[in-house]
Structure formats: structure tokens, C-alpha cells
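The values are calculated or read from the model by the stated rules, or taken from the named source; none is laboratory data. Treat the numbers as computed from the prediction; the structure is a model and nothing was measured. Please note: Cβ atoms are built from the backbone with ideal geometry, for glycine as well, and neighbour counts cover all protein chains shown. For accessibility, only protein heavy atoms count, side chains too; no ligands or nucleic acids. Shrake-Rupley method; radii C 1.70, N 1.55, O 1.52, S 1.80 Å.
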Amino acid sequence: AAVTYVQSNSFGICLLDVQLRSVYSIRGEYTSGIRVLRTMKDLYPAAKVVLISGFVTYAMVKEAILGLGASYHLRKPFEAADILIIVQWAVDQLQS
């Protein structure tokens, strides 16, 4: 559902959890936010994508940013002020 949503809408900024729960799932099935990131960057290469995750390794962050084009990684839990700073940065980047 998330990939289809991305394909049907345009984006400049996206906050994307690495692990996305399907709204249609009864058993708690998840889809990969990395899969959604790949689709977003293919369709909208200039989009600023902030990955969010409560579980992360250095290798995951490195691959997401250097290999797949994520703009930033934010580890859970985080403060609302952190998100506001990152979103402001992304808006500034898109306007320049």
C-alpha cells in the first residue's frame, strides 16, 4: 500500500519509518521502508527523505544514505524539536 501511495502522489519531503505496518494486516505484517525509499528516489530524485527507526545499525544508515539517497536518519525515540529542525532544513534545501 505504501509503494502504491508513493507512486500515486508527488513528494518533496517525506518522513519514512524503516518498518511500516500494513493497515490491512491482522497479524502485524510489515513492509520495508527501504523498499518505499527506493521507489521514492526513483520517482522523485530531489525529494528529501528522512528515515526513522528504533532499531538501526551503522551499516543500515550508511546504505540508506550513501546507497539509496536518504537525506537523514533519525533514531527513535526523538524529540519533536529534532523533527522540526530536520524538516526546516529539508524545506530550505528544496527552496535553494
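From the residues in region 7-29 that are modelled with pLDDT under 75 and surrounded by 13 or more Cβ atoms within 10 Å (Cβ to Cβ), which one is farthest from the chain's Cα centre (by Cα)?
It comes out as SER22.
Can you tell me which residue within region 32-58, out of those that are open to solvent by 60 Å² or more (accessible area, probe 1.4 Å) and in a helix (DSSP H, G or I), is modelled with the lowest pLDDT?
Per the stated criteria, the residue is TYR58.
Can you name the residue in region 59-90 that is assigned to a helix (DSSP H, G or I) and closer than 13 Å to GLY33 by Cβ and is also least open to solvent (accessible area, probe 1.4 Å) among such residues?
The selected residue is ALA64.
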